[in-house]
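Below: the structure, in structure tokens.
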Amino acid sequence: MSRTPAKENVGLTYNGVDLRAHLNSVSMEDVVEVIESMTFASTAIEKGPGAPSFKISVGGPWSKTLHQAIAPDTLNPPTTLRTLVYYIGPSGSRVTRTWTGSATVGAFVSNYKPDATDPKGDIVWTGTLELSGLPVES
Amino acid sequence: MGVKAWRGRLLVDEFDFSLDTFGASLELAVESEKSDNWQSEAGQLFPTESGAMLTTTGYYTGPDAGDIYQEMKARRGTETPAWVAWLFDTSALGNPAAVLDSAWASNIVLDTPVKGLIKFNAKWEGVAYNGLTLLDGAVVATGNGTVITLPAAGSAGGMAFLLVRAIDGTAVDAQVSIECDSVVGMSTPTDKGAIQFSAVGVYELALTGTIEEYVRVVIDDLGGAAGFTAALVLCVDGVTQ
């Protein structure tokens with residue numbers, strides 16, 4: 001079985017801004033609510049799946065372009081959620097998830113942290129992108 | 001190429017503590033409210049309130065007025081308005097800057113490693129503004145400043161912060177103003193307001209209405225002083241914040 005390197009094979013677009021050049025880590029959580037459904041008739045613990053929820057943790061080198069794309073949304077959160085496109089895999093065997101921004105579906109930034117704690121290094125950043133609703137997968 | 005951390009500037013009111021600071025991080029957080037509903041196949045969330053906290057780390061240099069630890073300690077828990085600004089990249093004008101208005105230190109931790117230097121970190125609470133630097137450094141003459149390009153024009157005003165760090169001589173009603181225009185040549189600039197000052201400190205200017213894409217600071221009057229050193233951060237609603 002072949003393996004897929006992350007380099008050049010992960011993409012993230014937030015509100016129309018391609019963030020790839022500002023990222024060196026992207027971690028997507030795809031969590032399904034676990035519902036305990038055990039009853040007195042059960043012979044063992046029973047659990048069933050509830051609704052899924054999604055969240056993306058990001059980080060990378062900080063820049064003015066990145067800051068302008070993210071910071072305003074953390075100071076004045078948008079009332080219409082932002083469109084977010086996330087993909088993994090090379091062209092031809094790629095999984096893409098798209099949250100198209102609306103009042104109920106889309107993305108927003110719940111945490112944004114520029115960090116300059118190493119005076120000999122570069123400014124870096126971390127952030128959390130909250131995702132509302134179900135994406136369209138392709 | 002990344003942005004070097006050492007190009008940052010930390011301003012606490014009129015004090016420039018960049019030489020005694022070696023780290024900073026700004027945390028901008030937005031509360032997430034669950035907004036699940038019937039017919040929703042997946043969890044739904046909605047952003048509500050935002051908040052900010054700035055953490056700075058520096059070296060202990062002494063207990064006198066003007067020393068970083070003393071000035072930060074004086075603002076610990078204070079209800080006296082203070083301003084803390086982090087200019088992210090002083091290599092050029094027009095780079096981002098964050099200003100905490102009504103700032104106060106909520107937590108100061110002294111770090112005294114037995115074989116190391118005395119250091120401390122301070123956590124700052126306040127109302128966050130985000131903007132671009134239009135001025136940072138010494139001014140010795142009247143005239144127009146560098147034209148800065150905003151990401152877009154704004155229509156809802158904004159706020160400008162002038163942090164006057166030093167005055168060479170005596171200034172009486174020195175004045176700087178902010179202009180904007182829709183063309184980079186600033187051929188027909190619009191005056192968005194002026195700030196007058198006669199002492200070091202921080203001065204605010206609320207801007208209203210349209211702020212066009214190209215902006216600059218104008219040094220109108222030195223107020224009789226030989227010059228002054230200051231930073232000006234312009235924050236435009238709907239554009240930079």
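The values are calculated or read from the model by the stated rules, or taken from the named source; none is laboratory data. Nothing here was measured: the structure is a model prediction, and the numbers come from that model. Heads up, the Cβs are rebuilt from the backbone with ideal geometry, glycines too, and the neighbour counts pull from every protein chain shown.
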Entirely in the stretch A:82-138, the strands (runs of 3 or more DSSP E) that have 3 or more residues that are within 12 Å of the chain's Cα centre (by Cα) and within 12 Å of chain B (Cβ to nearest Cβ): A:106-115, A:124-132
Residue in the stretch B:165-187 that is within 14 Å of chain A (Cβ to nearest Cβ) and under 25 Å from B:MET53 (Cα atoms) present: no
Selection from the stretch B:93-121 of residues that are crowded, with 16+ Cβ neighbours inside 10 Å, polar (S, T, N, Q) and either within 22 Å of B:VAL147 (Cβ to Cβ) or free of Cβ contacts under 8 Å to residues at least 60 places away in the same chain (or both): B:ASN95
Filter result (over 24 Å from A:TRP125 (Cα atoms) and either in contact with a His (Cβ under 7 Å, 6 or more places away or on another chain) or of a type in the set (Lys, Arg) (or both)) within the stretch B:55-110: B:LYS73, B:ARG75, B:ARG76
Per-region count, the stretch B:28-72, residues out of contact with any Pro (no Cβ under 9 Å at 6 or more places or on another chain), part of a strand (DSSP E or B) and within 26 Å of B:PHE88 (Cα to Cα): 10
The stretch B:130-146, residues that are of a type in the set (S, T, N, Q) and part of a strand (DSSP E or B): B:ASN130, B:THR133, B:ASN144
Per-region count, the stretch A:58-72, residues more than 8 Å from chain B (Cβ to nearest Cβ) and either of a type outside the set (Ser, Thr, Tyr) or touching an Asp or Glu at 6+ places or on another chain (Cβ under 7 Å) (or both): 6
Elements of type strands (runs of 3 or more DSSP E) in the stretch B:182-223, at least 1 residues being out of contact with any Phe, Trp or Tyr (no Cβ under 6 Å at 6 or more places or on another chain) and loosely packed, with under 15 Cβ neighbours inside 10 Å: B:190-197, B:201-207
Complete set of residues in the stretch A:33-57 that are away from every other protein chain (no Cβ under 13 Å) and closer than 26 Å to A:VAL10 by Cβ: A:SER57
Residue in the stretch B:30-41 that is within 30 Å of B:TRP104 (Cβ to Cβ), within 11 Å of chain A (Cβ to nearest Cβ) and in contact (Cβ under 8 Å) with a residue 60 or more places away in the chain present: no
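So that you can scan it fast, the table gives a plain yes or no per residue for (1) surrounded by 15 or more Cβ atoms within 10 Å (Cβ to Cβ); (2) at pLDDT 95 or above:
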| residue | (1), (2) |
| --- | --- |
| B:ALA52 | yes, yes |
| B:MET72 | yes, no |
| B:TRP86 | yes, yes |
| B:SER91 | no, yes |
Check on B:GLU179, touching a Pro at 6+ places or on another chain (Cβ under 6 Å) and either of a type in the set (Ser, Thr, Tyr) or assigned to a strand (DSSP E or B) (or both): yes
Failed item, numbered, when B:GLY8 is tested on (1) within 8 Å of chain A (Cβ to nearest Cβ); (2) within 19 Å of B:ILE108 (Cα to Cα); (3) in contact (Cβ under 8 Å) with a residue 40 or more places away in the chain: (2)
Leading residue by the ranking (surrounded by the fewest Cβ atoms within 10 Å (Cβ to Cβ)) among those in the stretch B:12-29 that are within 10 Å of chain A (Cβ to nearest Cβ) and of a type in the set (A, V, I, L, M): B:ALA29
